[in-house]
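One structure is given here, and the rest of the page talks about it.
A short reminder: the numbers here are calculations on the coordinates, not readings from a lab. None of the values given here were measured: they were computed from a predicted structure. Positions of Cβ are backbone-derived with ideal geometry, glycine not excepted, and every protein chain shown enters the neighbour counts.
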């Protein structure tokens with residue numbers, strides 16, 4: 001599917017299901033908002049890690065990262081089947097140390113890329129952005145194999161992933177100008193769009209490669 005087709009499909013899927021989606025993503029959203037009160041004026045993980053104390057950053061990664069992976073599973077299942085279970089939001093806490101190490105390693109790689117040039121940093125971020133979307137079926141792989149698999153899956157897709165995520169910038173500006181109210185619809189729209197986008201990359205890889 002093209003990017004426009006993905007976004008059109010996302011709009012169809014969220015119609016009448018905003019509450020269902022927020023049921024899954026709301027917990028993550030409000031915990032992130034709480035950490036935002038401690039760490040600065042942003043709710044994304046990179047900004048919180050850069051603005052907060054070491055203790056707060058580690059606490060944030062331990063609390064949030066497994067929940068982010070579980071929320072991703074929730075969104076992928078909703079995108080594929082139209083239904084999902086909140087039980088899966090917390091299943092990855094059994095892998096909390098492993099996920100913590102993955103987050104730290106990908107953060108270090110991204111920062112090293114940014115130290116070289118902006119573009120390598122962006123490419124590093126997009127290379128590993130698919131990990132939460134493919135972790136569930138590959139959780140038995142060790143960390144280095146997961147990173148390697150992510151690299152293989154995103155081969156030829158890194159720039160398209162960056163541009164796809166960048167395409168939501170006007171929607172994010174609308175959230176700001178609406179004093180946050182637009183997030184009620186825009187949040188699910190972006191989340192489902194990204195779930196469809198990355199799940200498509202993952203399924204295309206599985207269809208043409210043997211692990």
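In what sequence do 72, 126, 86 fall when counting other Cβ within 10 Å, fewest first?
On the way: 72 28, 126 20, 86 13.
Final ranking by Cβ density, sparse to dense: 86, 126, 72.
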Approximate spin-label separation residue 115-residue 29, in nm, with each point projected 7 Å along Cα-to-Cβ: 3.7 nm
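For a distance above 21 Å, tell me the whole-number percent of Cα pairs in segment 59-211 that qualify. Intermediate values should be presented prior to the final figure.
Values: 5823 of 11628 pairs.
Everything past 21 Å amounts to 50 percent.
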Percent of C-alpha pairs per 10 Å bin, segment 158-211, short to long: 22, 40, 24, 10, 3
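In Å, the Kirkwood hydrodynamic radius of segment 67-148 over pairs of distinct alpha carbons? Present the calculation step by step, with values, prior to reporting the outcome.
Numbers: mean 1/r = 0.0733 Å⁻¹.
It works out to 13.6 Å.
Sort 28, 115, 194 by Cβ crowding within 10 Å, fewest neighbours at the top. Present the calculation step by step, with values, prior to reporting the outcome.
Values: 28 19, 115 9, 194 22.
Neighbour counts put them in this order, fewest first: 115, 28, 194.
Please arrange 134, 105, 1 by counting, for each residue, the other beta carbons lying within 10 Å of its beta carbon, fewest first.
Details: 134 23, 105 15, 1 11.
The fewest-first ordering by Cβ neighbours comes to 1, 105, 134.
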